[in-house]
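This report refers to the structure that appears directly beneath it.
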Amino acid sequence: MDGVRNDLDAVDWASTPLGCPKTWPQSLRTTVDIMLGSRFAMWMAWGPDLSFFCNDAYRRDTLGKKYPWALGRPAREVWAEIWDEIGPRIDRVLATGVATWDEGLLLYLERAGYPEETYHTFSYSPLADDQGNTAGMLCVVSEDTDRVIGARRMATLRDLAAATASALTVEECFAQACDELGRNRRDIPFSLFYARPDAALAAVDDLRWEQAAKAELACAVGLDADHPAVFETVAIDDARARWPLSGTEALVDLGDFPALPAGELPESPADALVLPLRTAPHRTPYGWLIIGLNRFRPLDEDYRAFIDLVVGEINAAITAAGVVEGARRRAAELAELDAAKTRFFTNISHELRTPLTLILGPTADLLADRAQPLAERQRKRAEMALRNGERLLGLVNTLLDFSRIQAGRAHCRRQSTDLAQYTAELAAMFESVTTSAGLTLTVATTPLSTQASVDREMWTKIVLNLLSNALKFTFEGGITVELRELGDPPAQDGDGARPWVELVVRDTGIGIAPEDQQHLFERFHRVAGARSRTHEGSGIGLALVAELAALHGGVVEMASTPGVGSSFFVRIPATAAGAASEAEPDGSADGHDGESGVRTAQHFVEEAARWVSDTQAAVANQAPPPSDGAVEPGRERILVVDDNADMRTFLVSLLGDHYEVDIAVDGVQALARARTELPDVVLTDVMMPNLDGFGLLREMAADPALRDVPVIMVSARAGEEGVSRGLEAGATDYVLKPFSARELLARVRATLELDRARRESARTAPQTELLERGQQCARIGFWSVDIATGATSASSGLISMMGMPAEEITALGFEQAVQATVHPEDQHLVFDAVEAGMRGEPVVYTIRLVPPGGGDVRVCEVLAEVEFVDGAPSVIRGFTQDVTHRARA
Ligand code: ADP
């Protein structure tokens, strides 16, 4: 670049009021020199027309396209577009000789072919001629456009981030974003937000989106709702739509839209950008932001970056809000699911109770009938039915209790109770069963300072659930039950005056692993593979205890060390919140008194007694004798494996008539029994303590002595999956509970028969193979033909000689088979020989065999005889030897 100095020389000064530069006053020349030599941007004006001068810096920063045209022109012409702003300032300087000062003054300069929003900090100072009179002005200027606009955009981005960060919903997000964008009407003269109806799901999962056809207006900045550019809905991916909402950004010429707002600019935007909004991993936009563009700023890198950051900020906020909203939605769904589950349990429990009652009533009558007493065997059966029906009723009742509490329909009916004594009585009911299990039971209850008030039936359930769990999972040592008043009521109890009581049930049992402890009080949670006296249980006991304690305003906690033991703590306020007087008097009229508590307790004790006796029976492992008494030698032996004593008794009585039955209570015992005395078939339950049915299968498969024993699995786990899992694991058969006696017997019989056949064929397989091989070596084939039916059997040697399978020979019949395979000239030899055989003579002949499928002719010697039954010919049996090699020799 040649520089302004050269261009100034090129100006035709003579045609300006300043005239030829040689005539210029010294002061003008000096000032021009100073200006040209400075690296600050400067311009100056001199003379009556205020002729325009500038230096290189000014040319570069400010003048743009006006250069070099501007040199020497009247300043008012050069800066015509801003003369209103600067003219008065210049006049003042010239008139007063006092310099001006402006900082960041907005000026719309037309230096780039369009009016441009620019900012300048400048000072005008007077210039004196050689006589000391003001003859012109000098402007030292620094352009601030980038700084001012940069700061403005930064502020918008910062405020946008701050405002949307707190938005919890997508709607809130849009509203906050609109607010903030509305504060910067220079960079964003107007804007519109459109969103899919399901935008809330955007951040969570776009796979769940419906294919939306329209986007809805979320909010607008700078435009009224009834403005013609504002539509309630806009079709998505529709080329005819006024706003093109698609997956890609679009620049829209706004020429067609009437009277758009200008924001804080002199004129409204000429273009708008339509920007798809989407969250990070998703490709489908959840919404669109339409931004009217400031026509006084170029859409340069900075403006673009600003818009991209705005979009990024909104997307980030929507993602966060979407996550919150998604989580809330999922929580609501889960809560609904939980409620549905509770409803389901309540309904199903109710439904189960009616038929159960109708089963239990008549069964009890049957047993109580003195007029027509049952025979011993029938009585045993009816007792078993009654016992198990009652157990089922117990489970159903627990489920119902639990569902009722969860549905908020259970009410705590407190009665004034001597809780120490009541608890001790409950524990005492467990004494005999604990003792017979070989455990100690220590009861340490300290009398409370006041009468407690509790719902007795609920308290019974709390104590006995914990006690029966302790018994279920303890094999050595003992159980301790303690009840005492807590010195300091928990801080969170607002009713600080009332005492709290603590029940502790400790055991020296198997303990609970830390990872299971936290889930223990969730309904249906059970520790997989725990050693226990029984596998019975639903995983609801502890959840119920927790709920019952909560109904009393209390809490449950536990501490446990695997292999050492567990302690469960129940802490409740001794009386109800507020007045203790709400307690009902002892023995209320609705039967909700101690009596039903006692019935509940009996139920628990009976159940526990059953496990204990089961385990003891298992330890002693006395197989009951088969029902007909005598053990026949040679009868097949069945090993029945089940942890439920009633089920074992039932199976033994069912199978005992036909087989010798051995029993085991779990997989471990079953293995030991099977190794002592090999069973012919194992009939095993799936769910058992210690080693379950699958474990047993695995162990048997690994033991060469037991590998071939067929196993029938019996399980209540219905559904294809249970069956196929059993069969995949290697069970021979899988029987679903409930099953009928006949069905089970048939399955056992079929399994035994199959196994016998398998063993037989396994036994004879090597011999058959040897024989076949010998026959092939000797080129001999055996055959027989049933004279009455023509049924033919043939060894593989013969089949290969004849080139025809046995079935085909049978199908053709003897005569035709001969015709099909024997050389025509030799066929009569066969028939003659057979006739002789029928007369009791030996059948001997030599023939040529012509294989029907082609191949070499074989020479064969046949030796056969006819077998007679009751004097009549019945079967021809013989062998054929291939002697071709001999014949050739
Ligand atoms: P259930 O006994 O019907 O399975 P619970 O809710 O009473 O259901 O117990 C849940 C699980 O907690 C049990 O299956 C068992 O694994 C574990 N558990 C409960 N009490 C004890 C205990 N005293 N010792 C060891 N494990 C226990």
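The values are calculated or read from the model by the stated rules, or taken from the named source; none is laboratory data. Worth saying up front: this structure is predicted, and the values here are computed from it rather than measured. Virtual Cβ from ideal backbone geometry, glycine too; neighbours counted across all protein chains shown. Each accessible area value is taken on the protein alone, full model and side chains, heavy atoms only, with ligands, DNA and RNA left out. Shrake-Rupley method; radii C 1.70, N 1.55, O 1.52, S 1.80 Å.
If r is the Cβ-Cβ distance from Asp369 to Val883 and R0 is 51 Å, what FRET efficiency results, to the nearest 0.05?
0.05
Using unit Cβ charges (K, R positive; D, E negative) and no other charged atoms, how large, in debye to the nearest 20, is the dipole of the chain about its Cα centre? Walk me through the numbers before you get to the answer.
Working: 85 positive and 131 negative charges, 180 e Å.
Around 860 debye, computed over the chain.
Semi-axes of the equivalent ellipsoid of segment 733-889: what are they in whole Å, largest first, if each equals the square root of 5 times a C-alpha gyration tensor eigenvalue?
Details: eigenvalues 319, 78, 43 Å².
The equivalent ellipsoid of segment 733-889 has semi-axes of 40, 20, 15 Å.
Compute the helix-to-body angle for 170-181: its Cα long axis versus the longest principal axis of the chain, expressed 0 to 90° and rounded to tens.
10
Taking all protein chains as present, what is the carbon and sulfur share of the accessible area of segment 750-871, in % to the nearest whole number, probe 1.4 Å?
Working: 4050 of 7100 Å².
Carbon with sulfur: 57 percent of the solvent-accessible area.
Between beta-carbons, use under 13 Å as the cut-off and find the net charge around Leu217, counting Lys and Arg +1, Asp and Glu -1.
Charge balance in the 13 Å sphere: -2.
Using only Cα atoms, tell me the angle between helix 645-655 and the longest principal axis of the chain; keep it within 0 to 90° and round to the nearest 10.
Roughly 50 degrees between the two axes.
Identify, among Leu50, Leu36, Ile86, the residue whose Cα sits farthest towards the positive end of the charge dipole of the chain, taking +1 on the Cβ of Lys and Arg and -1 on the Cβ of Asp and Glu, with the dipole about the Cα centre.
It is Leu36, whose Cα lies furthest towards the positive end.
Rounded to the nearest 20 Debye, what is the dipole magnitude of segment 790-889 about its Cα centre when Lys and Arg each give +1 and Asp and Glu each give -1 at the C-beta? Walk me through the numbers before you get to the answer.
On the way: 6 positive and 14 negative charges, 69 e Å.
So the magnitude is around 340 debye.
What figure in square angstrom, to the nearest 10, would you give for the accessible area of His828 with a 1.4 Å probe?
Here the accessible area works out near 100 Å².
Per 0.36 nm of contour for each residue apart, how much would the distance between Ser793 and Arg759 grow if the chain were fully extended, relative to their Cα-Cα spacing?
Once the chain is fully extended between Ser793 and Arg759, it gains 9.9 nm.
Please work out the C-alpha center-to-center distance from segment 336-414 to segment 96-123 and express it in whole Å.
The two parts, judged by their Cα centres, are 93 Å apart.
From largest accessible area down, sort Trp101, Trp288; use a 1.4 Å probe on the protein chains.
Heavy-atom accessible area, descending, gives Trp101, Trp288.
May I ask you to compute the full-extension gain from Glu865 to Ala559, defined as 0.36 nm times their residue separation minus their alpha-carbon distance, rounded to one decimal in nm?
On the way: separation 306, 0.36 × 306 = 110.16 nm, distance 8.78 nm.
Gain on extension, Glu865 to Ala559, equals 101.4 nm.
Could you sort 333-340, 859-866 so that the peptide with the highest average Cβ count within 10 Å comes first and the rest follow in order?
Going from most to least packed, we get 859-866, 333-340.
If the chain between Ala305 and Asp516 were fully stretched, how many nm would it gain, using 0.36 nm times the residue separation less the Cα-Cα distance?
70.7 nm
First check a/c for segment 348-448, with a ≥ b ≥ c the square roots of the eigenvalues of its C-alpha gyration tensor; if it is under 1.5, answer rounded, and if not, answer prolate when a/b is larger than b/c or oblate otherwise.
Oblate, since a/c reaches 1.5 and b/c is not below a/b.
Sort 233-244, 267-278 by the packing proxy (mean of other Cβ within 10 Å over each peptide's residues), most packed first.
267-278, 233-244
Please say if the chain is rounded, prolate or oblate, where rounded means a/c under 1.5 for a ≥ b ≥ c the square roots of the C-alpha gyration tensor eigenvalues, and otherwise the choice is prolate for a/b larger than b/c and oblate otherwise?
On the way: a/c = 4.29, a/b = 1.72, b/c = 2.49.
Oblate.
Could you pull out every residue, at least 5 positions away or on a different chain, whose amide H is within less than 5 Å of the one on Ser416? Hs are placed 1.01 Å off N in the peptide plane, and Pro or chain starts have none.
Here Glu584, Asp586 satisfy the definition.
Have a look at Tyr303, Asn347, Leu392 and report the one farthest towards the positive end of the charge dipole of the chain, computed about the Cα centre with Cβ charges (Lys/Arg +1, Asp/Glu -1).
Checked the options; the winner is Leu392.
Summarise the accessible area of segment 665-735 (1.4 Å probe, protein heavy atoms) by the percent that is carbon and sulfur.
51
What percentage of the solvent-accessible surface of segment 72-111, computed with a 1.4 Å probe over protein heavy atoms, is contributed by carbon and sulfur atoms?
With neighbouring chains kept in place, the figure for segment 72-111 is 48 percent.
Mind putting a number on the dipole of segment 86-181 about its Cα centre? Charges go on the C-beta only, +1 for Lys and Arg and -1 for Asp and Glu, and I need it in Debye to the nearest 20. Working shown, then result.
Numbers: 7 positive and 16 negative charges, 35 e Å.
That gives segment 86-181 a dipole magnitude of about 160 debye.
What FRET efficiency would be calculated for the residue pair Phe524, Glu743, taking the C-beta separation as r and a Förster radius of 22 Å, to the nearest 0.05? Please list the in-between numbers first.
Numbers: r = 30 Å, r/R0 = 1.38.
My answer for the efficiency is 0.15.
Under a point spin-label approximation (7 Å from Cα along Cα-to-Cβ), what is the Leu770-Arg240 distance to one decimal in nm?
Distance between label points: 9.2 nm.
Positive end of the charge dipole of the chain (Lys, Arg +1 and Asp, Glu -1 on Cβ, about the Cα centre): tell me which of Gly563, Ile359, Gly695 has its Cα farthest that way.
Of the candidates, Gly563 comes out farthest on the positive side.
Probe of 1.4 angstrom, ligands and nucleic acids ignored: what's the accessible area per residue over segment 673-774, in square angstrom?
Here the per-residue accessible area is 56 Å².
Taking the Cβ of Glu117 as the center, what net charge do the other residues with Cβ under 15 Å away carry, scoring Lys and Arg +1 and Asp and Glu -1?
Its environment carries a net charge of -4.
For helix 667-676, report the angle its Cα long axis makes with the longest principal axis of the Cα atoms of the chain; keep it between 0 and 90° and round to the nearest 10°.
That helix lies at roughly 30 degrees to the long axis.
Keeping all protein chains in the complex and leaving out DNA, RNA and ligands, what accessible area do you get for Arg725 with a 1.4 Å probe, in Å² to the nearest 10?
110
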